[in-house]
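A quick write-up on the structure given underneath.
The values are calculated or read from the model by the stated rules, or taken from the named source; none is laboratory data. Keep in mind the model is a prediction, meaning the values are calculated, not measured. Positions of Cβ are backbone-derived with ideal geometry, glycine not excepted, and every protein chain shown enters the neighbour counts. In case anyone asks, the SASA skips ligands and DNA or RNA and just uses the protein heavy atoms, side chains included. Shrake-Rupley method; radii C 1.70, N 1.55, O 1.52, S 1.80 Å.
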Amino acid sequence: MNRDGARKSAWQQQIKNFSSANNLTEIFDVAIVGGGITGVSTAFNLQKRGKSCILLEASNIGFGTTGGTTAHINDFFETTFDKAISDFGQENAELFKECGSEAVRIIESNVRENNIDCDFEKKTAHLFALDENQVKQLEDIVEGSHKVGHRMRYIDDISYPIPFLKAVEIPNQAQFHPIKYIKALCEIYLNSGGVIVENCVCESHDEKDSLIILTTSKGPVQARNVVYATHIPPGINRLHFMNAPYRSYAMAFTLNHDQYPNELGYDLEDPYHYYRTQYINGEQMLIAGGEDHKTGHAEDTGACFSKLENYVRTYFDVDKVAFSWSSQYFEPVDGFPYIGVLPGSEGKIFTATGFAGNGMTLGSIASRIISDLILTGSSKYEEIFSPARIKPIAGFTDFVKEQATVVVDFVKDKIFAERIGSLAEINGGEAKVIKYEGDNFAIYKETSGRMHLLKSTCPHAKCEVRWNSAEISWDCPCHGSRFNINGKMLTGPSVKGLTPVQEKEITEEDGI
Ligand SMILES: Cc1cc2nc3c(=O)[nH]c(=O)nc-3n(C[C@H](O)[C@H](O)[C@H](O)COP(=O)(O)OP(=O)(O)OC[C@H]3O[C@@H](n4cnc5c(N)ncnc54)[C@H](O)[C@@H]3O)c2cc1C
């Protein structure tokens, strides 16, 4: 199985090719675009509830962030309940809490009812404060949690060899192998008549009366409803300005002893570290994550792994690093995900985005919310997660900040490109953006000397891409579209790749 990055994640070996149809002429009840946890869970759920579904995936099932996650299953969120109360009110915060427990139950019942072998385990979590500021933060989190009826209990010891000042335990969390899970859901979905088409990029849609016609790289697909489960919807949409793309880093370590922590673990650093364990190929491993930054905002993405590794080695007796990978998530400006009708559509196109680091639960609850909206026309969560919501107080400052960052990125990139020196300065394994006769170019030179030349302007909203050395990709800092060294789209919202430049268009003889 492939992933949208050059590094192998701990989950990658577990999947086969799923495409089940080439004839796309049928009119489907629902076309689901995107084969991550959100799309697969939605297709599985709707097919089970009697709808005829087609699942379209640009690459392969699990290619996106679901193949690069760490798969903690939590009923509490990065948007803490105290923040939810202050920004959305007591009632909405309680509903937010309810959606967390419902999502955990959805995953657990899918696993148990279908005997899915995906290393699913119920877990307790330890959340710990490392300094006085974090202690205050933890106390606020616990107070907010109790106000919405969520259980957190102060404890004296944690199962992590990390000095802490205060800690709580949170029962009823879980973990699993995300790819084994969605692979099993795909198999059941196929057996119940669902259709999967891989290597099929959905480029646009056209709403005509009661039908939606999708233009895809494999021809038109017609459906009565469409679900964009693409992590962020493709094309240009207001949701691109309400979500900021971030990159997070994960590493799997073996230890020199067998005292692996049994609980899920989180500190309250900014960005925070997250921990769990997992057997991979029969070997127990500690998976640690962190070092998050806004996409395109780290000069040297490779250095993020060194920082994470050094941090983990400070506290754990590490034997070796078995896997290291990174992936992208979308941070919503007001802290709640966007799940429901796609803004600007006529009501039959749905989407789910803004999951931050909680997409296992939020992607799972999205599958239920969207299924309910399609089948019954309503969901108890439709208002709090509505993609059309406008919250003038919650998130407004963040919204302005994120918007400002986009503009600064754009201007800085232009200046940066002006300053770039000559092509000859690029060493093997390096990449640069240069300006040449009014155009910007993204150049990557392989260690063999072979050059890959692309126009560096992202086709989505015309921002300039930046090099990600850790995953060997060009990443757009504005909305998170990503491309490989040949320009192929790896991650939306773009639906097109970067334009390759014929080598003869730029040569060293041109003197750049
Ligand atoms: C390092 C890291 C660790 C994380 N750890 C956790 C965790 O422990 N717990 C947790 O709950 N969450 C975690 N998250 C977040 C979580 O992994 C994501 O929110 C979740 O995987 C998103 O799933 P998805 O199905 O919505 O999107 P994806 O998994 O990204 O799937 C979207 C799919 O859509 C396809 N696609 C895109 N555009 C098109 C198109 N135009 N046509 C056809 N197909 C298209 C893509 O190829 C992709 O396969 C983590 C995130 C990161 C980055």
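Run lengths n ≥ 4 of DSSP H only: what is the helix-derived mean residue ellipticity at 222 nm for the chain, with -39500 (n - 2.57) per run over all residues, to the nearest 500? Calculated mean residue ellipticity at 222 nm is -8500 deg cm²/dmol.
Rounded to the nearest whole Å², what accessible area per residue is found for the chain with the 1.4 Å probe?
That works out to 40 Å² per residue.
By the rule of a second cysteine Cβ within less than 4.7 angstrom, the chain holds isolated cysteines at C53, C99, C118, C186, C200, C202, C304. Look at the dipole of the chain built from charges on Cβ: of V312, L95, G302, the Cα furthest out on the positive end belongs to L95.
Electrostatic bookkeeping for L255 treats Lys and Arg as +1 and Asp and Glu as -1; over the other residues with beta carbon under 12 Å from its beta carbon, the sum is -2.
Taking the charge dipole of the chain about its Cα centre, with +1 at Lys and Arg Cβ atoms and -1 at Asp and Glu Cβ atoms, the residue from P271, Q173, G492 reaching farthest to the positive side is G492. Around N172, under 11 Å between beta carbons, what's the net of Lys plus Arg minus Asp minus Glu among the other residues? Net local charge, N172 excluded: +1.
For K218, the residues 5 or more places off, or on other chains, whose built amide H falls under 5 Å of its own are V201. Placing unit charges on the Cβ atoms of the charged side chains and taking the dipole of the chain about its Cα centre, the candidate lying farthest along the positive direction among L373, G64, N133 is L373. Just so you know, the averaged projected area of the alpha carbon convex hull for the stretch 27-165 sits at 11.5 nm². Extending 7 Å from Cα along the Cβ direction at R151 and again at I27 yields two label points whose distance is 5.1 nm. Bridgeable aspartates and glutamates around K320 (alpha carbons under 18 Å apart, same-chain partners fewer than 8 residues away excluded): D258, E283, E309. Element breakdown for the chain at a 1.4 angstrom probe: carbon and sulfur atoms account for 47% of the accessible area. In summary, the lysines within cross-link reach of K445, defined as a Cα separation below 23 angstrom excluding same-chain residues under 8 places away, comprise K8, K414, K432, K435, K455, K488, K496, K504.
On a 23 Å Cα-Cα criterion, which of the cross-link pairs K294/K462; K348/K380; K16/K307 come out too long? Over 23 Å apart, Cα to Cα: K16/K307.
For K136, list the aspartates and glutamates whose Cα falls under 16 Å from its own Cα; do not include residues on the same chain fewer than 8 positions away. K136 reaches D82, D267, E269, D270.
Hydrodynamic estimate: the Kirkwood radius of the chain over Cα pairs, inserted into Stokes-Einstein at 4 °C and 1.567 mPa s, corresponds to D of 55 µm²/s. Distances between placed amide hydrogens fall under 5 Å for H205 paired with T215, all partners being 5 or more residues away or on another chain.
Rounded to the nearest 20 debye, what is the charge dipole size of the chain about its Cα centre when +1 sits on each Lys and Arg Cβ and -1 on each Asp and Glu Cβ?
On the way: 50 positive and 68 negative charges, 231 e Å.
Around 1100 debye, computed over the chain.
Centre-to-centre separation between the Cα atoms of the stretch 122-158 and those of the stretch 34-97: 24 Å.
If you build the Cα gyration tensor of the stretch 228-280 and take the root of 5 times each eigenvalue, what three semi-axes come out, in whole angstrom, biggest first? Spell out each step's value before the answer.
Numbers: eigenvalues 241, 40, 17 Å².
After scaling each eigenvalue by five and taking roots: 35, 14, 9 Å.
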